[in-house]
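Have a look at the structure below before the remarks.
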Amino acid sequence: MKHLGALLASSAVIGLSLGSANATDLEVTHWWTSAGEAAAVAEMAKAFDATGNKWVDAAIAGGGTTALPVIISRISGGSPMGATVLVHGRQAEELIEAGLMQDLTPVAEEGGWKDVVQPASLLGACTVDGKIYCVPTNIHSQHWLFLSNKAFETAGVPVPTNWAEFVQAAPALEEARIMPLALGRQPWQSLLVLNVVMASVGGPELYNSVYGDKDAELAEGPEVTAVFEALADVRRLGARSRAQDWNEATNLVITGQAGGQIMGDWAQAEFQTAGLEAGKDYQCLPGLGQQDIVSTSGNAFYFPLLDDEAALEAQMKLASVMISPETQVAFNLKKGSLPVRSDLDMSLISDCMKKGLEILAAGKTIPGVEQYITPDTQASLIDLATTFLADESMSVEDAQAEFAQIISEAY
């Protein structure tokens, strides 16, 4: 891993070389490599370049599961980038405690972040011992069901309005030789599906109690049994899907080869890039149409500690640019996510973003699971979810028993 980090470090400037007296090249790592994600990143880069500095893009293909070990290895191994995206939660705690991250409190106070960031928990997730160590850039909710109008029209049935109707419509899709559900086969996507079904079928109270309170007794009960029964439906309806990357699965919905996909709101970027219109060509159901909820997880950028004064100045400039009103609108419109600022004119928002903002304004939110559990617990849940969704011989009872055991050992 350190060898890979060294290769990355040698292929891009690490925030230390000066283009001019007032300009600095700053390497930025992220895992946004799909067409829609790349378009969103380009908006951020354009805004930073307009300051006279230079965004040096260092995208890591394969998603966060692949990128995160590389990012952490580079920072802890002494070859830090200028800035890197991480998910809100407990990922960066050890790096901060080790003194490897820049304190952004001065720029946050100057920009009045506490007055505009919504919900306040986003900035709270960036705060350690009263100091702010990251800039929240967007709110991503995992809890969506995307549906292809074309697929259901071909099958001759109405587009479902919730998960129960989707399951009922599946036979008509199969008869029309359309796979009901597109499933990406990367492990992190299996955990996403588990978490979405937990909150949407089980409900927010169950989700918060099991993950937040680590209620192992509840995890053994009938409400969680219903969750794993719904996951068995997911397994059955997605059995024909051979996609690996999430955007490959999204494309099956875009082209009408699949009826739907359980995925985070970042999938909207792919629909938009393909020229499809929310509400007309595809539907987006928050909480699988079962619950009006969005999760308040999302992305934040951290700035590893660098020795060069010019690089530090560029880091603070980038942090300020990322949360500026102009960048927030441009970036999130392309990313499919919700902005973190409460003071924006979002007159150009899509139908899906409008739904998300209305739910957010109503306070119907749940924390991202990574804000509740440690990376070790997440790894155990990933193994369970991946195995269950791939192995039809694994029973609901066995899967729930393993789930309850994991929750009993969580802290």
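The values are calculated or read from the model by the stated rules, or taken from the named source; none is laboratory data. Predicted model only: the values in this text are computed from it and were never measured. Every residue, glycine as well, gets a Cβ built from its backbone with ideal geometry; the counts of neighbours run over all protein chains shown. Quick note on the areas: whole protein, heavy atoms, side chains included, nothing else; ligands and nucleic acids left out. Shrake-Rupley method; radii C 1.70, N 1.55, O 1.52, S 1.80 Å.
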**Complete:** The answer for the per residue Cα convex hull volume of region 148-299, in Å³, is 110
**Message:** I'd like the Karplus ³J(HN,Hα) series for region 291-308: coefficients 6.51, -1.76, 1.60, θ = phi - 60°, whole numbers in Hz, and an x wherever there's a Gly or Pro.
**Reply:** 9, 7, 9, 9, 8, 9, 7, x, 10, 9, 9, 10, 10, x, 5, 10, 8, 7
**Request:** Tabulate in residue order the Karplus-calculated ³J(HN,Hα) for region 148-159, using 6.51 cos²θ - 1.76 cosθ + 1.60 with θ = phi - 60°, rounded to whole Hz; enter x for Gly and Pro.
**Result:** 8, 4, 4, 4, 6, 5, 4, 6, x, 10, x, 5
**Message:** At 222 nm, what value in deg cm²/dmol follows for the chain if DSSP H runs of at least 4 each add -39500 (n - 2.57) and the sum is divided by all its residues, to the nearest 500?
**Reply:** -14000 deg cm²/dmol
**Student exercise, the chain dipole from Lys, Arg, Asp, Glu Cβ charges, in Debye to nearest 20** = 960
**Request:** Report the relative contact order of the chain, percent, no decimals, based on alpha-carbon pairs under 8 angstrom and at least 6 residues apart.
**Result:** 26
**Asked** Ignoring ligands, DNA and RNA, what percent of the 1.4 Å accessible area of the chain is carbon and sulfur?
**Response** 50
**Asked** Which Cα, out of Val87, Ser148, Ile132, lies furthest along the positive dipole direction of region 84-163 (beta carbon charges, K/R +1, D/E -1)?
**Response** Ser148
**Request:** Using amide H atoms built 1.01 Å from N in the peptide plane, name the residues 5+ places from Leu306, or on other chains, whose amide H lies under 5 Å from its own.
**Result:** none
**Request:** Relative to the compact-globule scaling 2.2 N^0.38 Å, provide the ratio for the alpha-carbon radius of gyration of region 228-311.
**Result:** 1.49
**Item:** Heavy-atom surface of region 66-158, accessible at 1.4 Å and reported per residue (Å²)
**Value:** 38
**Complete:** With label points set 7 Å from each Cα along the Cα-to-Cβ direction at Ala274 and Ala50, the distance between them in nm comes to 3.1
**Request:** May I ask for the Kirkwood hydrodynamic radius of region 198-237, worked out over all distinct Cα pairs and given in angstroms to one decimal?
**Result:** 10.2
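Using every Cα-Cα pair within region 49-206, state what percent have a distance larger than 18 Å.
72
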**Complete:** Surrounding charge for Thr386, neighbours by C-beta under 13 angstrom, Lys/Arg +1, Asp/Glu -1, total -1
**Message:** Can you tell me the orientation of helix 375-390 relative to the chain, as the angle in degrees between its alpha-carbon axis and the longest Cα principal axis, to the nearest 10?
**Reply:** 30
**Complete:** the chain -> Rg/Rh from Cα coords, Kirkwood Rh, value 0.97
**Item:** Rounded to whole Hz, the Karplus (6.51, -1.76, 1.60) HN-Hα couplings of region 182-187, x for glycine and proline
**Value:** 8, 10, x, 9, 6, x
**Complete:** Sorted by chain and number, the residues with a modelled amide H under 5 Å from that of Ala258, at a separation of 5 or more or across chains, are Val253
**Request:** Using only protein heavy atoms and a 1.4 Å probe, report how much of Met179 is accessible, in Å² to the nearest 10.
**Result:** 20
**Item:** Amide H partners (placed H, <5 Å) of Ile366, local residues excluded
**Value:** Val294, Ser295, Thr296
**Request:** Would you list, by chain and number, the lysines whose Cα falls below 26 Å from the Cα of Lys334, excluding same-chain residues fewer than 8 positions away?
**Result:** Lys46, Lys54, Lys114, Lys150, Lys280, Lys317, Lys354, Lys355, Lys364
**Message:** How large is log10 of I(q)/I(0) for region 23-127 at q = 0.12, 0.14, 0.19 Å⁻¹ when the intensity is taken from the Debye formula with one equal scatterer per alpha-carbon?
**Reply:** -0.47, -0.66, -1.25
**Message:** Can you compute the charge dipole magnitude of region 48-157 about its Cα centre, using +1 on each Lys and Arg Cβ and -1 on each Asp and Glu Cβ, nothing else charged? Give it in debye, rounded to the nearest 20.
**Reply:** 320
**Asked** If you place +1 on the Cβ of every Lys and Arg and -1 on the Cβ of every Asp and Glu, how big does the dipole about the Cα centre of region 234-342 come out, in debye to the nearest 20?
**Response** 660
**Å² per residue, accessible surface of region 239-323 at 1.4 Å** = 34
**Message:** Ordering Arg185, Arg74, Arg341 by accessible area with a probe of 1.4 Å, largest first, what comes out?
**Reply:** Arg185, Arg341, Arg74
**Item:** Rounded accessible area of Asp376 (nearest 10 Å², 1.4 Å probe)
**Value:** 110
**Prompt:** To the nearest 0.05, what FRET efficiency results for Thr161 and Leu348 with a Förster distance of 30 Å applied to their C-beta separation?
**Reply:** 0.70
**Fill in**
One finds the C-alpha centres of region 66-118 and region 153-229 to be spaced, in Å, by 33
**On Cα atoms only, tilt of 64-76 relative to the major axis of the chain in degrees** = 30
